[in-house]
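Enquirer: Right, I'll just put the structure down here and ask away after.
The values are calculated or read from the model by the stated rules, or taken from the named source; none is laboratory data. None of the values given here were measured: they were computed from a predicted structure. Virtual Cβ from ideal backbone geometry, glycine too; neighbours counted across all protein chains shown.
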Amino acid sequence: MLSGALMLSVGGLTAVPAAADDGPIVTTRYGKVQGKAGEAANSYLGIPYAAPPVGERRWRPPSPPARWSGVRDATEPGNPCMQHPSDTPWGDLTGPGTPSEDCLYLNVYTPARRSLRKRPVMVWIHGGGFTVGSGAFYGGGTLAAKGDVVVVTLNYRLGAFGYFAHPDLTKESPHGTSGNYGLLDQQAALRWVRQNIAAFGGDPGNVTIFGESAGGGSVCHNLISPLSTGLFHRAIAQSGCGFPLPARADQERSGAAWAESLGCADVACLRGKSAEEVLNASTAPNVRWVPNVDGKVLPRQVTEALDRGLFHRVPVLQGTTADEGRLTVASTYDLAGRQLTAEGYPVAVRAVYGDRTDEILARYPLSDYGTPAEALGAVFTDSQFSCSQSQTARLAAKHTRSYQYEFADRNAMDYLNLPISFPIGAPHGSEIRYVFGDVSGTPAQKALSDRMLKYWTNFARTGVPYALGAPRWERFPKVQILAPDAIAPSTTFPQDHKCDLWLGSAS
């Protein structure tokens, strides 16, 4: 694919290179795209859903893309958004291509077989801590073919490019806000879906947003954002809903201090910096590149909005993995060349939880776990994921259909053969390939993946997670435990994860 800077403008349109002759062609409102035909699924990659956010468009809401003449080659993904390489057990989440500010592209996957009916649409929002990742890292062909749905994956601005807030930006904004550009990108992609997805056989009246980690958080941010009204009809948040966000004023203060560290007293100076300069400076300490509660894009915290019913009343499915925190422990210790000892366990707890350490150690004694790493992993799992997601599921259940799960394949990452001294279990992110249908493990793991894919896609189809031949999934407060040996509801999830310690009476 050619970047926007290399394309030629012809009569207000953009001329693009001719596509290959043997792929399916779809006409969007911006021009024709030619994708790649597959045996089970077709793919249309690197479609622009917004204008490149470069130059004066840096740190501004996304604008519609330019129209083009001819047929656009849609066989390769667009550039990933600006980011540093990411070192994870799954590889570099950047995905294919070279990071660029010109990155607002999406990918569409459709079943190869024709259908007389419009199919449900599932829009994937990738994770990566709001600083890394790309839509093209996740192939949607298997999910589309097996689930008989249209799958969309997308890029959105990351790090300083997506979440920088500054008083100057707030002043120039017609809405009097700044810093949530990555979220605005997601909403622009959803508007593109509403306008164009019917041409790909998708139903614009039945759109599900789903995502994991920062993507799961983004799902819940869209769930409460007034600007996403009417853009989706179901929501699936995997390991990310309900994390507290900073206020806009706090983000503006830290943003102004960060700008001064680059020698810039105003945003005009920052817009004059190269993308590489901004990226390299974005790793400064004491700066969090996350969305902010600005009163407009995000009027309030997710938990408050869910509690008060101030969100889009769509069915919500959300959940976590059984051992979320073990990946953090593995990355901090074993994968960094050291092991957590019994003596280091209380030190590690105190470094994060301070004055609550004694209370936490009493509830998570080493004698209850095989290794200190597993003990610390349990603390992180319960405090940072399981209980907060249980809380948001409970709050949503007051106002809409709410479903919760726990993914519990304790051998989900055995295929990676990680060099660690303790069982990694079912850590953060390990459920994603099960949902996307990309499991090549044991027959039991493949069967679990098939059922999860059907639960997810039938939820997208009807608002109820079901799968033929699989156990019934009941609404919250039941929690569906998803494991290879058995799928069954649990009524003791809050107790199992000691949520009284982390949520108090709210558990």
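Enquirer: Let me confirm something: among Asp73, Asp87, which residue is without any contact (Cβ under 8 Å) to a residue 12 or more places away in the chain and either acidic (Asp, Glu) or over 18 Å from Gly202 (Cβ atoms) (or both)?
Expert: Among Asp73, Asp87, only Asp87 is without any contact (Cβ under 8 Å) to a residue 12 or more places away in the chain and either acidic (Asp, Glu) or over 18 Å from Gly202 (Cβ atoms) (or both).
Enquirer: Okay, next question. Which condition from (1) within 30 Å of Ser115 (Cα to Cα); (2) in contact with a Leu (Cβ under 7 Å, 6 or more places away or on another chain); (3) not β-branched (Val, Ile, Thr) is the one that Arg234 breaks?
Expert: Only one criterion in (1) within 30 Å of Ser115 (Cα to Cα); (2) in contact with a Leu (Cβ under 7 Å, 6 or more places away or on another chain); (3) not β-branched (Val, Ile, Thr) is unmet by Arg234, namely (2).
Enquirer: Considering Val329, Val352, which residue is surrounded by fewer than 23 Cβ atoms within 10 Å (Cβ to Cβ) and assigned to a helix (DSSP H, G or I)?
Expert: Numbers: Val329 fails: surrounded by fewer than 23 Cβ atoms within 10 Å (Cβ to Cβ).
Val352 is the lone residue from the list that is surrounded by fewer than 23 Cβ atoms within 10 Å (Cβ to Cβ) and assigned to a helix (DSSP H, G or I).
Enquirer: Surrounded by fewer than 20 Cβ atoms within 10 Å (Cβ to Cβ), at positive phi and within 22 Å of the chain's Cα centre (by Cα): which single residue out of Gly70, Gly97, Gly46, Gly55 fits that description?
Expert: Only one candidate passes the filter, namely Gly97.
Enquirer: Something else: Out of (1) over 19 Å from the mean Cα position of the chain (by Cα); (2) on the phi < 0 side of the Ramachandran plot, what's the single condition that is false for Gly309?
Expert: All conditions pass for Gly309, except number (2).
Enquirer: Please list, ordered by first then second residue, the pairs with beta carbon atoms under 7 Å, 6 or more apart or interchain, first in the range 338-349 and among the small types (Gly, Ala, Ser), second modelled with pLDDT of 95 or more and part of a helix (DSSP H, G or I).
Expert: Ala342/Leu366; Ala342/Pro372; Gly344/Pro372; Ala348/Leu376
Enquirer: Kindly establish whether Val278 is in a loop (DSSP other than H, G, I, E, B) and under 23 Å from Ala214 (Cα atoms).
Expert: no
Enquirer: While we're looking at this one, here's another question. Got at least one residue in the range 164-172 being touching a Leu at 6+ places or on another chain (Cβ under 7 Å) and not acidic (Asp, Glu)? Steps first, please.
Expert: Filtering the range 164-172 down to residues touching a Leu at 6+ places or on another chain (Cβ under 7 Å) leaves none.
No, the range 164-172 has no match at all.
Enquirer: Right, something else. Looking at Gly437, Gly429, which one is closer than 30 Å to Gly337 by Cα and crowded, with 20+ Cβ neighbours inside 10 Å? Quick ask: steps written out before the conclusion?
Expert: Working: Gly437 fails: closer than 30 Å to Gly337 by Cα.
Within the list Gly437, Gly429, the selection yields Gly429.
Enquirer: Looking at Asn222, Asn286, Asn280, can you tell me which residue is outside the structural domain of Gln384 (by TED's automatic domain parsing), buried (at least 21 other Cβ atoms within 10 Å of the Cβ) and either on the phi < 0 side of the Ramachandran plot or modelled with pLDDT under 95 (or both)?
Expert: Answer to the selection: Asn222.
Enquirer: Residues to consider are Gln195, Gln186; find the one that is surrounded by fewer than 24 Cβ atoms within 10 Å (Cβ to Cβ), in the same structural domain as Ile224 (by TED's automatic domain parsing) and under 15 Å from Ala50 (Cβ atoms).
Expert: Just a single option satisfies the conditions, and that option is Gln195.
Conditions tested, residue by residue: (1) in contact (Cβ under 8 Å) with a residue 60 or more places away in the chain; (2) among the hydrophobic types (A, V, I, L, M, F, W, C); (3) closer than 17 Å to Leu270 by Cβ.
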site: Leu169; (1), (2), (3): yes, yes, yes
site: Leu183; (1), (2), (3): yes, yes, no
site: Gln187; (1), (2), (3): no, no, no
site: Trp192; (1), (2), (3): yes, yes, no
site: Ala199; (1), (2), (3): yes, yes, no
site: Asp203; (1), (2), (3): yes, no, no
site: Asn206; (1), (2), (3): yes, no, no
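Enquirer: When the range 433-442 is examined, which residues are found to be in a helix (DSSP H, G or I) and either of a type in the set (S, T, N, Q) or free of Cβ contacts under 8 Å to residues at least 24 places away in the same chain (or both)?
Expert: Of everything in the range 433-442, just one residue is in a helix (DSSP H, G or I) and either of a type in the set (S, T, N, Q) or free of Cβ contacts under 8 Å to residues at least 24 places away in the same chain (or both), namely Arg433.
Enquirer: Are any residues in the range 198-219 surrounded by fewer than 24 Cβ atoms within 10 Å (Cβ to Cβ) and of a type in the set (A, V, I, L, M), and if so, which ones?
Expert: Within the range 198-219, Ala198, Ala199 meet the criteria.
Enquirer: Here is a further query. Out of all the residues in the range 235-258, which are touching a residue at least 40 places away in the same chain (Cβ under 8 Å), surrounded by fewer than 24 Cβ atoms within 10 Å (Cβ to Cβ) and among the charged types (D, E, K, R)?
Expert: Asp250, Glu252 - these are the residues of the range 235-258 that are touching a residue at least 40 places away in the same chain (Cβ under 8 Å), surrounded by fewer than 24 Cβ atoms within 10 Å (Cβ to Cβ) and among the charged types (D, E, K, R).
Enquirer: Then there's this: Test of understanding: among Ala136, Ala144, which residue is closer than 28 Å to Leu418 by Cα, buried (at least 24 other Cβ atoms within 10 Å of the Cβ) and hydrophobic (A, V, I, L, M, F, W, C)?
Expert: Exactly one residue qualifies, and that residue is Ala136.
Enquirer: Still on this structure, please answer the following. Collect the residues in the range 255-267 that are under 17 Å from Arg58 (Cα atoms), among the aliphatic types (A, V, I, L, M) and within 31 Å of the chain's Cα centre (by Cα), keeping them in residue-number order.
Expert: Ala256, Ala259, Leu262, Val267 - these are the residues of the range 255-267 that are under 17 Å from Arg58 (Cα atoms), among the aliphatic types (A, V, I, L, M) and within 31 Å of the chain's Cα centre (by Cα).
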